[in-house]
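Visitor: The structure follows.
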Amino acid sequence: MAVKLELTNVGKAFEDKVVLRDIDLAVQEHEVVCLIGSSGSGKSTLLKCVDLLVPIDEGAILLDGQAISGPDVNPNTVRQRMGIVFQAFNLFPHMSVVDNITLGPRKVHGLSKEAAEERAAGLLERFGLADKMHEYPDRLSGGQQQRVAVIRALASDPELMLFDEITSALDPELVAEVLNVIRGLKNEGMTMLIATHEMGFARDVADRVCFLDAGVILEQGPPGEFFTNPQQPRTRQFLQRIVEAGRL
Amino acid sequence: MTDRSTPLDEVMRRGPRLLGPRRPRGPREEGARSAFVAFVSTLILVSLALWVVLTSEAWPRVQKQFFNPSAFREVWPDVASGFWLDIQMFLVAEVVILTLALIVAMIRSLRGPAFLPIRMLAIFYIDLIRGIPVILLILLLGFGVPALQLSGVPDGRLFWGVTALVISYTAYTSEVYRAGIESVHESQRMSARSLGLTQGKTLWYVIVPQAVRNVIPALLNGFVSLQKDVALVYVLGIREAVRAAQIYNARTFNYTGYIAAAILFLIVSVPVARFTDWYTERDRRRRQAMST
């Protein structure tokens, strides 16, 4: 299998606060990698760096072996190849669901309104939201909004999906519907990089788990190994607390 | 949230509509009763004020100079046709201002080193124009440019007077737009960019529609202001309402023409001000309903 995404020696600091240090990470095609770690460990920043929403200070990011983090790369063309979904949904409140979904395909990829809406309708159908096509975001539940956000990211046919704690802002009973969407994407072979606090989900869906602590990847491995036999004391401590909190 | 608001907050929120202390909406009789009390107290106050004015020693002279019916009839046609010119100037200027100001605000909101020169240009323009009195700009362009007798450049005082207003108001209005653009949360920009949209498209499709909605009350406020300020072109000798009244005053030493002009301005500006308040209040309620 080919390497889809590769980060080598990536570092990032805001002012003098280091948020990412010496990040080496490779994601294979069709692989699902989960990033776990406490809040502020750098998961979110890492995802935003990959989507070029936050410029990196050091190292390089490669997509299909091509460097995308340099100054001579047009970030818009890179972003067209990936989709990102945020914790707070970030739907456009002044647009209906279908307009949210078709904005990228129409204004970036140049699809006609009809073609884009036909595709959007297909995606909404697939994710059980066909009847919400013409609703506005504020009329949807959190789970529905987040599924629309996933569809919006998928509408541009991304080669890679990034998820930034997409269930953290949801009511507990709405978490499953969103996680099931990701499970569906895994079955279709989507390459995904997922920051999450849902340990059970990570164990279930991930091909590999990376534990971030203070901006460093401290430990990584297949979920079976990682969750049952963590090597680092800090990882053990983290997982111990998760278990105590009843989250695993 | 509202429990904690201080009386001052209340005044700020309800503004000029605050006619009395707020009380919870009671049964219907109580509503009728308070309407009656409000009516009677207003009647007493207005009657008292009228009585003081009309019985004062100076009133006959004031009436003759300011509220003279025959002078009013005489001056009305000139003032009214002048006012129609004011309205036309206002409408043309406002459309141009709203368009240009949005463009300037969008330029100011572009990020990245590549846009630094035009960003600086926009800031320079805004700072420069906001630092000059409008009247000075009107005199400078209205008399100055036609005097240059440049070929291919319009030489009408009316054209340059309105242009001066447009240049001035565009600077202020672009700052209103910019406040709106900055009021849209950063995450909106980020998710638009993540779809691959350029900065310009992000602004146009995602940020600006939300920004404009946020600043509609402030823009309406600007409408009221401009609707009166168009009268400033009278200094160029353009025969709008104020100028017409001034000419009459110079001829007769009677001020009724100014009162006629004032009435016309009020007829237009008061409804706009009421509408602004109504809209702001409705928008506030909607937002509150949405956040609960």
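The values are calculated or read from the model by the stated rules, or taken from the named source; none is laboratory data. Note that the coordinates shown come from a computational prediction; the quantities given were computed from them, not determined experimentally. Here the Cβ positions follow ideal geometry from the backbone for every residue, glycine too, while neighbour counts run over all protein chains shown.
Visitor: Out of the residues in the range A:130-168 meeting the condition of being surrounded by fewer than 20 Cβ atoms within 10 Å (Cβ to Cβ) and hydrophobic (A, V, I, L, M, F, W, C), tell me which one is farthest from the other protein chains (Cβ to nearest Cβ).
Guide: Ranking the qualifying residues of the range A:130-168, first place goes to A:Ala130.
Visitor: Looking at (1) over 18 Å from the mean Cα position of the chain (by Cα); (2) small (Gly, Ala, Ser); (3) in a helix (DSSP H, G or I), which one does B:Gly152 not meet, given that it meets all the others?
Guide: (3)
Visitor: Among (1) at pLDDT below 95; (2) within 11 Å of chain B (Cβ to nearest Cβ), there is one condition A:Asp72 misses while meeting the rest; what is its number?
Guide: That leaves (2) as the condition not met.
Visitor: Would you point out the residue of the range A:90-100, among those that are more than 10 Å from chain B (Cβ to nearest Cβ) and within 22 Å of the chain's Cα centre (by Cα), that is farthest from B:Arg213 (Cα to Cα)?
Guide: Just the residues of the range A:90-100 that are more than 10 Å from chain B (Cβ to nearest Cβ), to begin with: A:96-98.
Applying the additional criterion that residues be within 22 Å of the chain's Cα centre (by Cα) yields A:97-98.
On the way: A:Val97: 19, A:Val98: 21 Å.
Taking the candidates together, the pick is A:Val98.
Visitor: Could you list, in sequence order, the residues of the range B:77-116 that are surrounded by 15 or more Cβ atoms within 10 Å (Cβ to Cβ), over 22 Å from the mean Cα position of the chain (by Cα) and under 30 Å from B:Tyr248 (Cβ atoms)?
Guide: Once the filter is applied, which keeps residues that are surrounded by 15 or more Cβ atoms within 10 Å (Cβ to Cβ), over 22 Å from the mean Cα position of the chain (by Cα) and under 30 Å from B:Tyr248 (Cβ atoms), the range B:77-116 yields only B:Asp78.
Visitor: Pull up the range A:185-197, narrow it to residues that are touching a residue at least 40 places away in the same chain (Cβ under 8 Å) and not hydrophobic (A, V, I, L, M, F, W, C), then point me to the one that is surrounded by the fewest Cβ atoms within 10 Å (Cβ to Cβ).
Guide: For the range A:185-197, the residue satisfying everything is A:Gly189.
Visitor: Kindly indicate whether any position in the range B:166-180 is within 14 Å of chain A (Cβ to nearest Cβ) and assigned to a helix (DSSP H, G or I).
Guide: Yes, the range B:166-180 contains a residue that is within 14 Å of chain A (Cβ to nearest Cβ) and assigned to a helix (DSSP H, G or I).
Visitor: For the range B:188-210, state whether one or more residues are outside any helix (DSSP H, G or I), surrounded by fewer than 17 Cβ atoms within 10 Å (Cβ to Cβ) and β-branched (Val, Ile, Thr).
Guide: Of all residues in the range B:188-210, those outside any helix (DSSP H, G or I) come to B:195-198.
Cutting the leftovers down to surrounded by fewer than 17 Cβ atoms within 10 Å (Cβ to Cβ) gives us B:198.
If we keep only those that are β-branched (Val, Ile, Thr) too, we end up with B:198.
Looking for residues that are outside any helix (DSSP H, G or I), surrounded by fewer than 17 Cβ atoms within 10 Å (Cβ to Cβ) and β-branched (Val, Ile, Thr), one finds at least one in the range B:188-210, hence yes.
Visitor: What number of residues within the range A:52-76 satisfy the criterion of being outside any strand (DSSP E or B) and in contact with a helix residue (DSSP H, G or I) (Cβ under 7 Å, 6 or more places away or on another chain)? Please lay out each step first, then the result.
Guide: Initial filter on the range A:52-76 (outside any strand (DSSP E or B)): A:52-57, A:64-65, A:68-76.
After this cut, where a residue has to be in contact with a helix residue (DSSP H, G or I) (Cβ under 7 Å, 6 or more places away or on another chain) as well, the list is A:52-54, A:56, A:68.
Final tally of qualifying residues: 5.
Visitor: Condition (residue is within 29 Å of A:Arg203 (Cα to Cα), in contact with a Pro (Cβ under 8 Å, 6 or more places away or on another chain), part of a loop (DSSP other than H, G, I, E, B) and within 13 Å of another protein chain (Cβ to nearest Cβ)) applied to the range A:42-51: is it met by at least one residue? Write out each step before concluding.
Guide: If we filter the range A:42-51 for residues that are within 29 Å of A:Arg203 (Cα to Cα), which is where we start, we get A:42-51.
Of the ones still in play, those that are also in contact with a Pro (Cβ under 8 Å, 6 or more places away or on another chain) are A:49.
This time we only want the ones that are part of a loop (DSSP other than H, G, I, E, B), so: none.
For the range A:42-51, residues within 29 Å of A:Arg203 (Cα to Cα), in contact with a Pro (Cβ under 8 Å, 6 or more places away or on another chain), part of a loop (DSSP other than H, G, I, E, B) and within 13 Å of another protein chain (Cβ to nearest Cβ): absent.
Visitor: Is it the case that the range B:279-288 has a residue that's more than 27 Å from B:Phe143 (Cβ to Cβ), within 14 Å of another protein chain (Cβ to nearest Cβ) and assigned to a loop (DSSP other than H, G, I, E, B)?
Guide: From the range B:279-288, those more than 27 Å from B:Phe143 (Cβ to Cβ) are B:279-288; that's our starting set.
Still in the running and within 14 Å of another protein chain (Cβ to nearest Cβ): B:283, B:286-288.
Filter again for assigned to a loop (DSSP other than H, G, I, E, B), leaving none.
No, because not a single residue in the range B:279-288 is more than 27 Å from B:Phe143 (Cβ to Cβ), within 14 Å of another protein chain (Cβ to nearest Cβ) and assigned to a loop (DSSP other than H, G, I, E, B).
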